[in-house]
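Okay, structure first, notes after.
The values are calculated or read from the model by the stated rules, or taken from the named source; none is laboratory data. Because the structure is predicted, anything quoted here is derived from the model rather than measured. Positions of Cβ are backbone-derived with ideal geometry, glycine not excepted, and every protein chain shown enters the neighbour counts. Ligands, DNA and RNA are excluded from the accessible area calculation, which covers all protein heavy atoms including side chains. Shrake-Rupley method; radii C 1.70, N 1.55, O 1.52, S 1.80 Å.
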Amino acid sequence: LIAAAVELPGLLFVMAMVNSRWTGRRGTLAIAFLLCGVASFLLILPDLPTGVKIALASVARMMVFSSFAVTYIFTSEVYPTAVRGTALGAAGAFSKLWSVLSPYVASTLLTYSVASVLGIFGGSALLACAAALLLPFETSAARLRDVVDEAPPDKRERDANRRGRSSSSGGGSSGGGGGGGSFFFRF
């Protein structure tokens, strides 16, 4: 019951952070993974009171739920409309693969120690935090792409400007009327 109850604060955390100009989707995802990893590693400490263990496990669960919610928001904004459904389905399938494997990994590692399980899960969360920080663009204030040929949201204007300069100095047509750039950047 406690595990399910902490998902509501996790959802409130996502709602507060995901559209923030300071964090955005990428920052919210990194913070959620970081807090999950730190809480998991703190659970390894010996002789923690039961209340502290419950609080740390609740924070880890809340941040896992938060990262899951942000991942679906971010993923749906990264992929263009033409392939969004297929891409989300593939991403969902790979996430379910870990959902199937994690109980097996946990039960196998529990034969050695609880710390090994928490270390693997905490390390995975910290690795995911680093991966989130390395994502090449932020989608919080960007227009969604419609086709695969469009550049990612942050690069769209820079590439459009580059095409505009090269087409104006090249002396040729820029593919579909004045204004430079490709057809997809004129909307």
Open item on the list: Considering only C-alpha atoms, what is the centroid distance from region 1-60 to region 113-132, in Å?
Closed with: 13
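Compare Leu133, Leu35 by solvent-accessible area with a 1.4 Å probe and give them largest first, with all protein chains kept in place.
Details: Leu133 110, Leu35 75 Å².
My answer, sorted largest first, is Leu133, Leu35.
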Open item on the list: Test of the criteria: in region 1-49, which trypsin sites (Lys or Arg not before Pro) are in a DSSP loop and have at most 14 other Cβ atoms within 10 angstrom of their Cβ?
Closed with: Arg21
Open item on the list: I need the trypsin sites (Lys or Arg not before Pro) found in region 56-150, filtered to DSSP loop residues with at most 14 other beta carbons within 10 Å of theirs.
Closed with: Arg143
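In region 23-125, which chymotrypsin sites (Phe, Trp or Tyr not before Pro) fall in coil by DSSP and have 10 or fewer other Cβ atoms within 10 Å? Display every interim value, and only then the final one.
Details: sites: Phe33, Phe41, Phe65, Phe68, Tyr72, Phe74, Phe94, Trp98, Tyr104, Tyr112, Phe121; in loops: Tyr112.
Here the sparse-neighbourhood loop sites are Tyr112.
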